[in-house]
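Structure, as C-alpha cells:
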C-alpha cells in the first residue's frame, strides 16, 4: 500500500488530465504547473496528445512547485468499430495512459504509426476540407508538420493568421453561432477553430487516427507498465454513448475519468457507478489547455466536479510499480 506521506497532497485540488505546448495546450509544462499551483492544485498529471516529450520539464516543475506529479501521462486515440457508433460519435475517442514506473520505449512505436497516419491521411484530408470551406492554405511541408508530434499539427492552428483567414473564421463562426462576438474570435481563434471547424460534425472534421484500435491501446498500456483510462466521457457535447463505454469496459480498459470540467451531476453519478460496478480505477481532470482556452486546472471554479480527495491514493496504489 501507499506510504502515508502521499496523503498530504490530497489536501489541495487534484487534476490528472492537462495539456501543454507539446501538443495542443497554450502553456509550456512549467507555465502550466506554475498556474495550476496558483489555483490550488496539489497533485497532477500531464497528458499531452500522442507524446511524452514534455514530461521531463513537467516533472521538474512539479518538484520545484511542491506538486505531486504522476510521472507518466499521455493521451492517445483508438478507433472504434462501426457497430458501436452513431453518426455524431467521435470515431477515434481518447484514452489516457498513466504510470508511475513506465517503460516509455514502446511509445515510439505508437508514435510511428500515428505520424504515418497523420502524414498520409489525416492532415491532407483536413487541409482539403479547410480549403473547401473557403480558407486559404499556405504551402505546407507535411514532413516538418509531423516531425513536431504536435496535436493537431501546427498548420491547423497557424493557418488562421495567413492572409484573410482570421476574418474568414469570424464570418464562418458567426454564420453558425450569431451570438458570438467577433472580438471573442479574434482573441481566441484556436478555441473557435477547434469548436466550429474540427469537432465531430463540423466541416473540417476528419477521423483523428485510423488503424489503431482498443485492443492495440490495451496492449500498449501493458507493454509500457501503465494503466489505461477512458478519457472525459461526459460533458455538454462529445460525450461517450453507453455503447462506446461498454465497448471500452468489455475490452478491458482498466480505469475511467469520473470527473471532468463540463460533467453534469448525473454524469458524475453515472461514472462513479460504472467505476464501482466494473472495478475501474478512478481518475479525472479538467482537460486544461492552458492559454488556448479558459484556464481550468484543478476545476477550481466548479467544486461539484472536483476530484474526490481519496482518488489520489487509489490511483497511485493501482498504478504498476
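The values are calculated or read from the model by the stated rules, or taken from the named source; none is laboratory data. This one's a predicted model, so the numbers in the text were calculated from it and none came from an experiment. All Cβ positions, glycine included, derive from the backbone under ideal geometry; neighbour counts span all protein chains shown.
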Restrict the check to segment 203-213 and report whether at least one residue is out of contact with any strand residue (DSSP E or B) (no Cβ under 7 Å at 6 or more places or on another chain), part of a helix (DSSP H, G or I) and either crowded, with 16+ Cβ neighbours inside 10 Å or on the phi > 0 side of the Ramachandran plot (or both).
no
I'd like to know if segment 88-100 contains one or more residues that are loosely packed, with under 14 Cβ neighbours inside 10 Å, touching a residue at least 40 places away in the same chain (Cβ under 8 Å) and within 25 Å of residue 232 (Cβ to Cβ).
yes
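Right, residue 268: in the same structural domain as residue 78 (by TED's automatic domain parsing), over 18 Å from the mean Cα position of the chain (by Cα), farther than 24 Å from residue 10 by Cα and not in a loop (DSSP other than H, G, I, E, B) or not?
Judged against the criteria, residue 268 is not a match.
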Which of (1) under 18 Å from the mean Cα position of the chain (by Cα); (2) farther than 23 Å from residue 294 by Cβ; (3) assigned by TED's automatic domain parsing to the domain that holds residue 306 does residue 100 not meet, given it meets every other one?
(1)
In segment 130-144, which residues are surrounded by fewer than 20 Cβ atoms within 10 Å (Cβ to Cβ) and either more than 15 Å from residue 202 (Cα to Cα) or in contact with a helix residue (DSSP H, G or I) (Cβ under 8 Å, 6 or more places away or on another chain) (or both)?
133, 134, 136, 137, 138, 139, 140, 141, 142, 143, 144
Just to check your reading of the model, which residue among 64, 83 is within 30 Å of residue 5 (Cβ to Cβ), modelled with pLDDT of 95 or more and surrounded by fewer than 21 Cβ atoms within 10 Å (Cβ to Cβ)?
64
Every listed condition ((1) closer than 26 Å to residue 43 by Cβ; (2) in contact (Cβ under 8 Å) with a residue 60 or more places away in the chain; (3) outside any strand (DSSP E or B); (4) in contact with a strand residue (DSSP E or B) (Cβ under 7 Å, 6 or more places away or on another chain)) holds for residue 220 save (4)
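Residue under question is residue 47, and the condition is that it be assigned by TED's automatic domain parsing to the domain that holds residue 290, under 19 Å from the mean Cα position of the chain (by Cα) and modelled with pLDDT under 95; does it hold?
When the stated conditions are applied, residue 47 does not pass them.
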Per the filter on segment 297-315, residues within 20 Å of the chain's Cα centre (by Cα) and either outside any loop (DSSP other than H, G, I, E, B) or crowded, with 23+ Cβ neighbours inside 10 Å (or both) are 297, 298, 299, 305, 307, 311, 312, 315
Enumerate the helices (runs of 4 or more DSSP H) found wholly within segment 117-201, keeping only those where 3 or more residues are at positive phi.
none
With the checklist (1) within 24 Å of residue 285 (Cα to Cα); (2) out of contact with any helix residue (DSSP H, G or I) (no Cβ under 6 Å at 6 or more places or on another chain); (3) assigned by TED's automatic domain parsing to the domain that holds residue 71 in hand, flag the one item residue 188 doesn't pass.
(3)
Can we say residue 197 is touching a helix residue (DSSP H, G or I) at 6+ places or on another chain (Cβ under 9 Å), buried (at least 21 other Cβ atoms within 10 Å of the Cβ) and modelled with pLDDT of 95 or more?
yes
Picked from segment 1-32 (must be over 26 Å from residue 156 (Cα atoms) and free of Cβ contacts under 8 Å to residues at least 40 places away in the same chain), the residue surrounded by the most Cβ atoms within 10 Å (Cβ to Cβ) is 8
